[in-house]
1. Checking residue 120 against (1) outside any strand (DSSP E or B); (2) closer than 18 Å to residue 209 by Cα, which single condition isn't satisfied?
2. Look at residue 32 and say whether it is basic (Lys, Arg), surrounded by 10 or more Cβ atoms within 10 Å (Cβ to Cβ) and modelled with pLDDT under 65.
3. For region 123-151, what are the residues that are within 13 Å of the chain's Cα centre (by Cα) and in a strand (DSSP E or B)?
4. Quick one: residue 144 ticks every box in (1) among the acidic types (Asp, Glu); (2) surrounded by fewer than 19 Cβ atoms within 10 Å (Cβ to Cβ); (3) touching a strand residue (DSSP E or B) at 6+ places or on another chain (Cβ under 6 Å) except a single one, so which number is it?
5. Let me confirm something: among 226, 213, which residue is out of contact with any helix residue (DSSP H, G or I) (no Cβ under 7 Å at 6 or more places or on another chain) and at pLDDT below 85?
6. Of 167, 181, 125, which residue is at pLDDT 95 or above and buried (at least 17 other Cβ atoms within 10 Å of the Cβ)?
7. The conditions are (1) at pLDDT 95 or above; (2) buried (at least 20 other Cβ atoms within 10 Å of the Cβ), and residue 150 fails exactly one of them. Which is it?
8. Do you know which of the residues in region 166-184 that are in a strand (DSSP E or B) and within 20 Å of the chain's Cα centre (by Cα) is nearest to residue 210 (Cα to Cα)?
Amino acid sequence: MIALKRKTILHFTLIAAIIGFMLAVQFQTTKRPIVRDTRDIWELRQDLKQEQELEQQLLLEIRRNDEKIQNYEQNHLADQQTALQETVDELKKEAGLTEIRGAGLILTIAPFYPENYVGPIAYTVSPELLKRFINELNMYDAKEIAIANERITNTTAIRDVNGVTQVGNAKISSLPIQVKVISDDVTTLYNRLKVSTIYDDFVIENLQLTVSEPMSAIVIPKYYREWQIRYMEAVKAEKEES
């Protein structure tokens, strides 16, 4: 009888300890605050867009490299120079060093003031608004962009210089200005822009954005300034052993 009682007490103690441990874990779990994502919709869209663009760029780069390898292997000697020249031309095109023609849109940024407006007059566009505008165009699959006839590349800086917005080396000190955009699907780009909320962002800065009808021939100039290469040098070719 005594052994049975001790065994019962031992079982009861183990069960109580397990229940107590479960209650403690549950209490700690409910006690912890819920960490909420405080990013707004724009920031979430930007993060998602950047990840999607990175994935597309990586896949495109892999596909291009595979094509180049196949091209080099198939044309080992005779067409090696041609393949290299095609690669150089492709890199120049990607860097914005060639003029681009294609279907696209012309967007105009001009001052906008309601009736009986009294206040400062806008002569430029803020760098923040221009950057947001470019991100919006890229999100809608814009292929090439030029602002005030300045080609937009991956290295183009948009900044404020003494109260005037500067795109690359072009100062936007007067309005209106034109934004030229080329896209592989200009109709989709046009339709997305028509329902975009970016117009409201321009109105807040007393600016008006107008979009032309899709055009079949838009010319975007090349990036005409010289690239500065500071950390690369040509490798001297070694003579092949006979």
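1. (2)
2. no
3. Result: 142, 143, 144, 145.
4. Of everything listed in (1) among the acidic types (Asp, Glu); (2) surrounded by fewer than 19 Cβ atoms within 10 Å (Cβ to Cβ); (3) touching a strand residue (DSSP E or B) at 6+ places or on another chain (Cβ under 6 Å), residue 144 misses just condition (2).
5. On the way: 213 fails: at pLDDT below 85.
Result of the check over 226, 213: 226.
6. 181
7. Condition (1) is where residue 150 drops out.
8. Ranking the candidates gives 179 first.
The values are calculated or read from the model by the stated rules, or taken from the named source; none is laboratory data. Just so it is clear, the structure is predicted and the values come from calculations on it, not from any experiment. Counting neighbours? That spans all protein chains shown, and the Cβs are built from the backbone with ideal geometry, glycine included.
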